[in-house]
Amino acid sequence: DDFSSTLSKRVYPDDRDPVIITYIGSLDSIRNFMALSKAVVKVNNEGVKFRLILVGEGNEKQALKEFAGNSGDTIIVMDHVNHEKIPGLLTKAHVGALVFPDDVIFCVSSPIKLFEYMASGMPILATRITCHTDVIEDGEYVFWAENSGVDGLVKALKGIWENKDQLSAMGEKSLVAAAKWTWEESANKLADALKKGRK
């Protein structure tokens, strides 16, 4: 509920505006946002328009800021914000990014950011790894990167650009899919499993 109002406030880009991709969370190097930053700069140099906004703290933040400093206004790195400000930031973005590599550390559970993006009605740029596919499955609101390298991310970014007129419709599908992952729905699934286990 905290995020659901963002969809109606989001303005999607026309041909003159950049597609804004965002991530809000840990900026540790294992999260792979340097690769995404390089991919965004690469595709922009080929004539498309993306802006990447990264918000948070982590061991790669300084390196990301230095890279951003040489990117014009293509990459923006911001300080951590309190949780209540996240919906407002997501209102100003068009695609939520989760570009984690296929590493055991990400196999434990799906990231909370995935559910926040869905609840705010955002299309998602995601690497095709278990913690993402377990939730998204064959959802029609995701742009898959088949690997977490720059080349894999470049290909996914080109897919976003080619389908940017579909971002709003994809966001609506993302919001609908979020309803399957509320605490109430999770409790119902658990209750059903317990009932079946008693039989």
- Do the conditions hold for Val19, that is, is it open to solvent by 30 Å² or more (accessible area, probe 1.4 Å), more than 13 Å from Glu116 (Cβ to Cβ) and hydrophobic (A, V, I, L, M, F, W, C)? no
- Matching residues in the stretch 131-144 - criterion: being touching a helix residue (DSSP H, G or I) at 6+ places or on another chain (Cβ under 8 Å) and either modelled with pLDDT under 90 or in a helix (DSSP H, G or I) (or both): Cys131, His132, Val135, Ile136
- Check off (1) over 16 Å from the mean Cα position of the chain (by Cα); (2) over 13 Å from Tyr23 (Cβ atoms); (3) in contact (Cβ under 8 Å) with a residue 40 or more places away in the chain for Val81 and give me the number that stays unchecked. (2)
- Task: Enumerate the pairs (first residue in the stretch 1-15 and within 15 Å of Ala93 (Cβ to Cβ); second residue anywhere and basic (Lys, Arg) and open to solvent by 50 Å² or more (accessible area, probe 1.4 Å)) with beta-carbon separation below 8 Å, excluding pairs fewer than 6 apart on the same chain, so at least 6 apart or on different chains.
- Result: Arg10/Lys92; Pro13/Lys49
- Note on the structure: Filter the stretch 103-123 for residues that are within 18 Å of Ser29 (Cα to Cα) and in contact with a helix residue (DSSP H, G or I) (Cβ under 8 Å, 6 or more places away or on another chain); the one that is most open to solvent (accessible area, probe 1.4 Å) is Ile105
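The values are calculated or read from the model by the stated rules, or taken from the named source; none is laboratory data. Bear in mind that the values here come from a model prediction, so they are computed numbers and not experimental data. Methodologically, a virtual Cβ is constructed for each residue, glycine included, from the backbone with ideal geometry; neighbour enumeration extends over all protein chains shown. Remember, those area values only see protein heavy atoms, side chains included, never the ligands or the DNA or RNA. Shrake-Rupley method; radii C 1.70, N 1.55, O 1.52, S 1.80 Å.
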